[in-house]
Amino acid sequence: MKSARMFSILNLLVNHQKLTAQELAEIPIVTANGTATLEFAKEIMNHLKVYSEEKLQKWYDFYKNGFYEE
């Protein structure tokens with residue numbers, strides 16, 4: 001099932017078809033559209049396990065919204 005999803009993702013990318021989400025994260029491919037640089041960075045850090053999920057969400061909220069709740 002995962003290989004079928006990967007094939008459909010690669011087909012989208014090769015044929016330059018529009019993606020319906022801001023970011024797309026599938027191992028080994030992480031990509032995003034031109035307006036989703038923050039989402040792209042979040043997915044990269046998530047795959048690299050730079051922060052815990054909670055800390056990563058706070059990082060994202062801070063840069064997306066200008067604050068995060070404690």
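Here are the numbers for the structure shown:
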item: Residue in the stretch 20-70 that is modelled with the lowest pLDDT, counting only those that are touching a helix residue (DSSP H, G or I) at 6+ places or on another chain (Cβ under 8 Å) and among the hydroxyl-bearing types (S, T, Y); result: Y68
item: Residues of the stretch 28-62 classified as hydroxyl-bearing (S, T, Y), surrounded by 12 or more Cβ atoms within 10 Å (Cβ to Cβ) and either assigned to a loop (DSSP other than H, G, I, E, B) or more than 12 Å from the chain's Cα centre (by Cα) (or both), total; result: 1
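The values are calculated or read from the model by the stated rules, or taken from the named source; none is laboratory data. Predicted, not measured: the structure shown is a model, and the values here were computed from it. As a convention, Cβ positions derive from the backbone with ideal geometry for all residues, glycine included, and neighbour counts pool all protein chains shown.
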